[in-house]
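Worksheet: the structure to be examined is printed underneath.
The values are calculated or read from the model by the stated rules, or taken from the named source; none is laboratory data. These numbers were taken from a predicted model, which means no experiment stands behind them. Cβ atoms come from the backbone with ideal geometry, glycine included; neighbour counts cover every protein chain shown. All accessible areas refer to the heavy atoms of the entire protein, side chains included, with ligands and DNA or RNA removed. Shrake-Rupley method; radii C 1.70, N 1.55, O 1.52, S 1.80 Å.
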Amino acid sequence: MIASKLINFASNKLKQNKILSHKLDSELLLSKVLKKKREELLTNLSQKINKKKILSFNKLILRRSLKEPLAYIIKEKEFWSKMFEVDKNTLIPRPETELMVEQILKIYKNKKIFILDIGTGTGCILISLLSELKSSYGLGIDISKKALYLAKKNAIKHLVNNKISFLKRSFKDLYNCKFDLIVSNPPYITSNEMRSLDDDIKKYEPKIALDGGNDGLDVIKKVIYKAKYILKFDGRLALEIGNEQFKKVSKLLLKNNFKIELNIKDYKDNTRSIISRLIR
Ligand code: GLN
């Protein structure tokens, strides 16, 4: 069968399963099977695909039709123009988080700082920051050993492994160190929202990376409280937060001696991240 026909079949199947990006996903999955870039596939849509490849492709399409996120099937996701290896042990990097990275880079351009990333996951935030802040260095922590394994691989891939240490540790157990900047995209989804998430997320992404408890603020509260003790004087805390959490989180920040410097809105105009500064 030729590629274009195969893509059409697959795309229809995904469409029947209510997958909005059915065409794109089919193209990307076929590219994956052919070990080619999507652009290359699209310029050669009349190529014949052999039986073995069709079989592998159909398996991937089946997984996608069951709502498994594309990133988990192809094992990678682009973030800050870099490809990050992902698997079911890590959250899939989101474009909203890039907006926080962008603002942090503006603040610290050409500076030499020490960064802590709480809940590093794939390492996407810290690795992106350190690949631009050439003389800075960082510590990425996570309670998931499997996530850390992936983060390390990503750091090596993006040539920043000599500037990052990864540690299996909760932020609660960090002592005797002081950072210029703490970044975190903590779990912030409320228990109610958890129930109504799309199947793609609910069935596949790690619950511990998403679930922020009743009001979604369980981890955020503790991070803010702890940050006071492990930030240098004038240090900054950059936090990603959930919808409708801005008021509560800004109150918490003020109560804990932080001054809000920047609210970063996402593509839907929700405040998605807050950059604040510790005042003493
Ligand atoms: N820091 C990672 C990210 O932003 C993981 C965050 C998490 O697991 N909550 O994608």
* Okay, helix-only estimate at 222 nm for the chain: each DSSP H run of n ≥ 4 adds -39500 (n - 2.57), divide by all residues, round to 500 deg cm²/dmol; what do you get? -> -12500 deg cm²/dmol
* Asked: How big is the charge dipole of the chain about its Cα centre, in debye rounded to the nearest 20, if each Lys and Arg gets +1 on its Cβ and each Asp and Glu gets -1 on its Cβ?
  -> 640
* Structure fact -> Across all Cα atoms of the stretch 204-266, Rg and the largest Cα-Cα distance (Dmax), in Å, are 12.4, 40
* Obtain the radius of gyration and the Kirkwood radius of the stretch 100-159 from its C-alpha atoms and give Rg over Rh. => 0.97
* Angle between the Cα long axis of helix 218-230 and the longest principal axis of the chain, 0 to 90 degrees, nearest 10? -> 50
* Viscosity 1.002 mPa s, 20 °C: Kirkwood-radius Stokes-Einstein D of the stretch 1-114 over Cα pairs, µm²/s -> 136
* To do: Would you mind estimating how fast the stretch 172-276 diffuses translationally, via Stokes-Einstein at 10 °C and 1.306 mPa s with the Kirkwood radius over Cα pairs, in µm²/s?
  => 110
* Mind grabbing the base-10 log of I(q)/I(0) for the stretch 148-214 at q = 0.21, 0.22 Å⁻¹? Debye formula, identical points on the C-alpha positions, no solvent, two decimal places. => -1.03, -1.05
* To do: Would you mind giving the average projected area, over all directions, of the Cα convex hull of the stretch 234-280 in nm² with one decimal?
  => 2.9
* For the stretch 263-277 and the stretch 207-257, compute the distance between their C-alpha centroids and round to whole Å. => 13
* Which residues make up the longest stretch of the chain that has no chymotrypsin sites (Phe, Trp or Tyr not before Pro) in a DSSP loop with at most 14 other Cβ atoms within 10 Å? -> 1-174
* Structure fact -> Here P(r) for the stretch 124-183, Cα-Cα distances in 5 Å bins, as whole percents, is 4, 18, 32, 23, 18, 5, 0
* So how far, in whole Å, is the C-alpha centre of the stretch 62-124 from the one of the stretch 127-148? -> 11
* **Rg and Dmax [Cα atoms of the stretch 40-90; Å; Rg one decimal, Dmax integer]** => 13.6, 38
* Structure fact -> Beyond 33 Å, the calculated P(r) of the chain holds a percent of Cα-Cα pairs equal to 28
* Calculate what fraction, in whole %, of the accessible area of the chain sits on carbon and sulfur atoms when a 1.4 Å probe is rolled over the protein chains. => 53
* To do: Among I92, I260, I54, determine the one that fluctuates most according to a GNM of the chain built with springs between C-alpha atoms less than 10 Å apart.
  => I54
* To do: Please work out the average accessible area per residue across the stretch 1-62, using the 1.4 Å probe convention, and give it in Å².
  => 67
